[in-house]
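The structure appears below as structure tokens.
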Amino acid sequence: MFCGILPWTWFSSSLLEASNVLIAGGNLIRKVLFPAEVLPIVTVLAGLAHFCFGLPILAAFLLYYRIPIVPTDLLWFPVIVAVQLVLTLGLALLLSALAVHFRDIRDLLSNLLTLWFFGTPIIYSLSQAPPPVRRLLSLNPFTHLAVAYQEVLFHGGAFVEWPRLLAVGAASLVVLALGYAVFDRLRETLAEEV
């Protein structure tokens, strides 16, 4: 379960903080030469640092419970982290820009993330879900990230989630491009609205 909680905490806390970072950093945004996109990016990178600090605890649990780790599967771990980083950055840029104009986004996001958590196989196994529910869960991009983390770190054997992970990676690049495009479009009005 910790294999899924750790990346989820990075994801959800980054999005929640990013939704308020431009409002809280309003004095910086009003400065002429300050690039506003730095604030949500730093929020996501700070969450990544917290994630990395949690990895030794996860490693200690894996060693204590003698979970077999396949070294070749560990080569996928940086790829999974990179895909999550790109997805989180794209959503953080999008949400931070929209939250300046629509202040209720932060409150709605908190509830949406709670629902999203239960729609992600973190506290239950994807194989336990009935086939129709499993198809619905497969629409959730974080499902594939959580399963990828679990396969690489917890389940021994071949890493079979890689095609879905690469598909989520491609979709994450689209989300990043969309998030940056929306952020760039709203950039001129950020200082006025804060």
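No value in this document is a laboratory result; all are computed from the given coordinates. Treat the numbers as computed from the prediction; the structure is a model and nothing was measured. Neighbour counts run over all protein chains shown; Cβ positions are idealised from the backbone, glycine included.
By the beta-carbon count within 10 Å of each Cβ, the least crowded to most crowded order of 19, 110, 172, fewest first, is 110, 172, 19.
With 0.36 nm allotted per residue and the present C-alpha distance subtracted, the residue 178-residue 79 stretch has 33.5 nm of extension available.
Remark: segment 123-130, residue by residue, has Karplus-estimated 3J(HN,Hα) of 8, 9, 8, 4, 5, 6, 6, x Hz, where x stands for each Gly or Pro and the curve is 6.51 cos²θ - 1.76 cosθ + 1.60 at θ = phi - 60°.
The trypsin sites (Lys or Arg not before Pro) of segment 19-107 that meet both conditions, a loop assignment by DSSP and at most 16 other Cβ atoms within 10 Å of the site Cβ, are 30, 31, 66, 103. Here the residues 52, 3, ranked from fewest to most Cβ neighbours within 10 Å of their Cβ, fall in the order 52, 3.
The phi torsions of segment 134-140, fed into the Karplus equation with coefficients 6.51, -1.76 and 1.60 and a -60° offset, translate into couplings of 4, 5, 5, 5, 5, 6, 7 Hz, rounded to whole numbers, with Gly and Pro shown as x.
Under the criterion of Cα pairs below 8 Å and six or more residues apart, the relative contact order for the chain equals 36 percent.
Across every pair of non-identical alpha carbons in the chain, the mean reciprocal distance, once inverted, gives a Kirkwood radius of 17.6 Å. Measuring between their Cα centroids, segment 10-86 and segment 168-194 lie 18 Å from each other. Compared with the alpha-carbon gap, the fully stretched path from residue 2 to residue 42 is longer by 11.9 nm at 0.36 nm per residue. Tally Lys/Arg at +1 and Asp/Glu at -1 over every other residue whose Cβ is under 14 Å from the Cβ of residue 24; what's the total? Combined, the nearby Lys, Arg, Asp and Glu give +1.
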